[in-house]
Amino acid sequence: MQQIELTVNGKRASFMAEPRLLLVHALRDYLGLTGTHVGCDTSSCGACTVLIDGVSAKSCTVFAVQAAGHDVTTIEGIGNADALHPMQDAFWEKHGLQCGYCTPGMIVSAVDLLQRNPNPSDAEIRAGLEGNVCRCTGYENIVKAVRTAAAALRENRPRRAVRDIEPLTPPVEEPPPSGEAIIPEQLQETKA
Ligand code: FES
Ligand code: FES
């Protein structure tokens with residue numbers, strides 16, 4: 001066991017751990033920062049992405065002891081409920097998530113991408129996020145979200161609080177008068 005000291009989301013953290021402890025497990029199990037997810041443990045999915053000294057890294061590929069003395073930022077440190085990071089806001093606005101499992105890693109990787117390239121093309125966004133896998137395959141909306149966040153950051157738009165955001169309300173369909181089944185628009189042609 002050895003003492004490990006690092007800075008996480010701007011606060012000093014110190015704990016005793018074995019040298020084999022992975023950073024992702026230190027964050028989740030020792031520091032309670034469960035926003036960083038484990039999707040594979042083999043460096044394939046990107047769900048565990050954090051920033052180390054401002055640069056994205058898969059925290060399942062880093063020993064906690066290697067992060068000692070460094071500055072780690074997790075999804076919890078990217079923004080907060082009173083001031084969402086534009087990337088968090090854009091993922092909400094463009095519906096860049098479905099189950100949300102990949103989302104913390106996607107957002108952290110996308111933040112890193114925009115630090116290096118503030119105005120990426122769609123192809124550059126896709127290439128920049130190629131280390132992050134979304135099992136729900138919501139890639140189109142993820143690209144839209146990153147594009148939206150890039151514009152917000154370039155224009156220095158004010159950050160919104162969660163309480164200022166209207167909840168999404170699904171459209172209400174009127175029931176048919178005679179109890180007929182509602183046929184989705186895309187199936188109507190097939191039926192005709
Ligand atoms: S858990 Fe780290 S890359 Fe999948
Ligand atoms: S939103 Fe479900 S894995 Fe990406």
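The values are calculated or read from the model by the stated rules, or taken from the named source; none is laboratory data. What you see is a predicted model, and the numbers here were worked out from it, not measured in a lab. Glycine gets a Cβ as well: all are built from the backbone with ideal geometry, and neighbour counts include every protein chain shown.
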Consider I52 carefully, then state whether it is under 12 Å from the mean Cα position of the chain (by Cα) and touching a residue at least 12 places away in the same chain (Cβ under 8 Å). no
Being over 16 Å from D112 (Cβ atoms) and within 14 Å of ligand 2 (Cβ to nearest atom) is the filter here, so list the residues in segment 122-142 that pass it. V133, C134, R135, C136, T137, G138, Y139, E140, N141
Look at segment 130-157 and say how many of its residues are among the aliphatic types (A, V, I, L, M) and touching a residue at least 60 places away in the same chain (Cβ under 8 Å). 4
Is one or more of the residues making up segment 34-49 modelled with pLDDT of 95 or more, away from ligand 1 (no atom under 16 Å from the Cβ) and out of contact with any Gly (no Cβ under 7 Å at 6 or more places or on another chain)? no
Subset of segment 91-102 (residues that are surrounded by 24 or more Cβ atoms within 10 Å (Cβ to Cβ) and either among the β-branched types (V, I, T) or more than 11 Å from the chain's Cα centre (by Cα) (or both)): none
Determine if segment 37-49 includes at least one residue that is under 30 Å from R12 (Cβ atoms) and β-branched (V, I, T). yes
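Every residue, every condition in (1) within 14 Å of ligand 2 (Cβ to nearest atom); (2) polar (S, T, N, Q), yes or no:
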| residue | (1), (2) |
| --- | --- |
| V55 | no, no |
| T61 | no, yes |
| L84 | no, no |
| C99 | yes, no |
| Q115 | no, yes |
| N119 | no, yes |
Working carefully through the options G69, G131, find the one that is closer than 20 Å to T36 by Cβ, surrounded by fewer than 20 Cβ atoms within 10 Å (Cβ to Cβ), within 15 Å of ligand 1 (Cβ to nearest atom) and at pLDDT 95 or above. G131
With the checklist (1) surrounded by 12 or more Cβ atoms within 10 Å (Cβ to Cβ); (2) of a type outside the set (D, E, K, R); (3) modelled with pLDDT under 95 in hand, flag the one item Q188 doesn't pass. (1)
